[in-house]
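Asker: There's a structure below that I have some questions on.
The values are calculated or read from the model by the stated rules, or taken from the named source; none is laboratory data. Every value quoted in this text rests on a predicted model; they were computed, and no experiment measured them. We place every Cβ from the backbone using ideal geometry, glycine too, and count neighbours over all the protein chains shown. The accessibility values were calculated without ligands, DNA or RNA, using every heavy atom of the protein model including side chains. Shrake-Rupley method; radii C 1.70, N 1.55, O 1.52, S 1.80 Å.
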Amino acid sequence: MKPIFHPYFVNKVDGDPVLYIDFLFDRRAILFDLGQLSTLSPKKLLRITDIFISHTHMDHFFGFDHLLRIMLGRQRHIRLYGPVGILENVAGKLQGYTWNLVGNYEHNLLFEVTEVHDDHLLKATFSCREGFQLMHPPQMIPAGNFLLDELAFQVSSVCLDHFIPCLAFCLQEKNHLNVNKVKLQEMGLAVGPWLRELKEAIRAGKPDDTLITIPSGSSDPDREKKVPLSRLRPLVDISRGQKIVYVVDCAYTESNREKILALAEEGDYFFCEAAFLEKDRERAAQRSHLTAYQAGLLARQARVRKLIPFHFSPRYYGSYHLLVDEANRTFRGAC
Ligand SMILES: [Zn+2]
């Protein structure tokens, strides 16, 4: 199966956390955390639609200015999600500049910011044409199960204790739809953008008599076909969707453990901070971070498929392999 999400870290393991998740077939990406972004090309930055920020310690939020610089003057609607205080933090960043010349820009840049509280969300929009001033008070909406819920995927969060609220995120593909190329050939059909329409109709639960337009092929240029969904369903194999979990900056408390295990259960990729070695667990606790051993244990108990430890403390520079080894050996049950 071809996964639709392609996650990778923008910076090195001891650099600012930024997980870039590229979408297959879409010119689209989402980010988990917003640290230093300077190594990302403008082309990649311009694909970003949604940014999930764990907390606003500087290494997780420093990239906001870079993103703003690239997006300014373009027609863009960027959604940001973050913990309590994110509205004030974004407003503070935006108010650090002078905006007297942007009122009549041809294209408008909007930041829609969602602040995640335990039982509700606060949502506000900052518009370039308004000089990024908050024109309306934040709107309060009840918290649902998901921060983002689209046809193909959902993003949820839990709030962890890092001496301050810190969000961990889960990106879950609802179902994985894969076009069976052999069956496609057997039916004499060519690949093309129409397959996207087919997948969307299946995802949306459209009825069997829904007509899907298959464009004319080179062999029959005048014959655009309209085929009922029922005949095309066998072309698409449906399997379990991809699940990506991102956990960074939190204490190893019972409450955090429970929330992480529930969020990460049977995830495909578990990106988990492993800031310290277990021998330095007291230091980790003092700074409200996880050790590599704790990351490995969480991964094992959550039965994830792959653990990717990251966010290593620079004190281990030159020995990061020790953190990776400790996390992975614990994950595999070797210690
Ligand atoms: Zn932090």
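Asker: List every residue pair whose Cβ atoms sit under 8 Å apart, with the two residues 6 or more apart in sequence or on different chains, where the first one lies in the stretch 255-280 and is over 17 Å from Ser319 (Cβ atoms) and the second, anywhere, is open to solvent by 30 Å² or more (accessible area, probe 1.4 Å) and assigned to a helix (DSSP H, G or I).
Answerer: Leu261/Gln301
Asker: Still on this structure, please answer the following. From the list Arg233, Arg257, Arg203, pick out the single residue that is in contact with a helix residue (DSSP H, G or I) (Cβ under 9 Å, 6 or more places away or on another chain) and either within 16 Å of the ligand (Cβ to nearest atom) or over 17 Å from Ala168 (Cα atoms) (or both).
Answerer: The match here is Arg233.
Asker: Turning to a different aspect of this structure: His176: open to solvent by less than 40 Å² (accessible area, probe 1.4 Å), more than 16 Å from the ligand (Cβ to nearest atom) and out of contact with any Leu (no Cβ under 7 Å at 6 or more places or on another chain), yes or no?
Answerer: Taking the combined requirement at face value, the residue satisfies it.
Asker: Right, another one. Can you pull out the residues in the stretch 86-119 that are surrounded by 13 or more Cβ atoms within 10 Å (Cβ to Cβ) and among the polar types (S, T, N, Q)?
Answerer: Answer for the stretch 86-119, where residues must be surrounded by 13 or more Cβ atoms within 10 Å (Cβ to Cβ) and among the polar types (S, T, N, Q): Asn89, Gln95, Asn108, Thr114.
Asker: Out of all the residues in the stretch 146-182, which are more than 17 Å from the chain's Cα centre (by Cα), hydrophobic (A, V, I, L, M, F, W, C) and over 30 Å from Ala285 (Cα atoms)?
Answerer: The answer is Leu177, Val179, Val182.
Asker: Would it be correct to say that Leu160 is modelled with pLDDT of 95 or more, within 23 Å of Val248 (Cα to Cα) and surrounded by 15 or more Cβ atoms within 10 Å (Cβ to Cβ)?
Answerer: So Leu160 fits the description; yes.
Asker: Could I ask something else about it? Only one of Asp65, Asp59 is within 16 Å of the ligand (Cβ to nearest atom), under 30 Å from Asp26 (Cα atoms), open to solvent by 10 Å² or more (accessible area, probe 1.4 Å) and not hydrophobic (A, V, I, L, M, F, W, C); which?
Answerer: None of the other options fit; the residue is Asp59.
Asker: I would also like to ask the following. Kindly provide the set of residues from the stretch 260-288 that are within 16 Å of the ligand (Cβ to nearest atom), surrounded by fewer than 24 Cβ atoms within 10 Å (Cβ to Cβ) and in a loop (DSSP other than H, G, I, E, B), ordered by number.
Answerer: Once the filter is applied, which keeps residues that are within 16 Å of the ligand (Cβ to nearest atom), surrounded by fewer than 24 Cβ atoms within 10 Å (Cβ to Cβ) and in a loop (DSSP other than H, G, I, E, B), the stretch 260-288 yields Arg287, Ser288.
Asker: Sticking with this one: Would you check if Leu189 is in a loop (DSSP other than H, G, I, E, B), open to solvent by less than 30 Å² (accessible area, probe 1.4 Å), more than 16 Å from the ligand (Cβ to nearest atom) and at pLDDT below 95?
Answerer: Yes, satisfied.
Condition check ((1) assigned to a helix (DSSP H, G or I); (2) within 17 Å of Ala152 (Cβ to Cβ)) across all residues:
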position	(1), (2)
Leu177	no, yes
Arg196	yes, yes
Glu200	yes, yes
Leu232	yes, no
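Asker: Criterion first (within 15 Å of the ligand (Cβ to nearest atom) and either surrounded by fewer than 20 Cβ atoms within 10 Å (Cβ to Cβ) or over 30 Å from Ile202 (Cα atoms) (or both)) does Gln294 satisfy it?
Answerer: Judged against the criteria, Gln294 is not a match.
Asker: Moving on to the next point. I'd like the residue in the stretch 236-249 that is on the phi < 0 side of the Ramachandran plot and within 16 Å of the ligand (Cβ to nearest atom) and, out of all such residues, is nearest to the chain's Cα centre (by Cα).
Answerer: Applying the filter and picking the extreme gives Tyr246.
Asker: Before we move on, is Gly217 surrounded by 13 or more Cβ atoms within 10 Å (Cβ to Cβ) and either closer than 23 Å to Val324 by Cα or at pLDDT 85 or above (or both)?
Answerer: So Gly217 does not fit the description; no.
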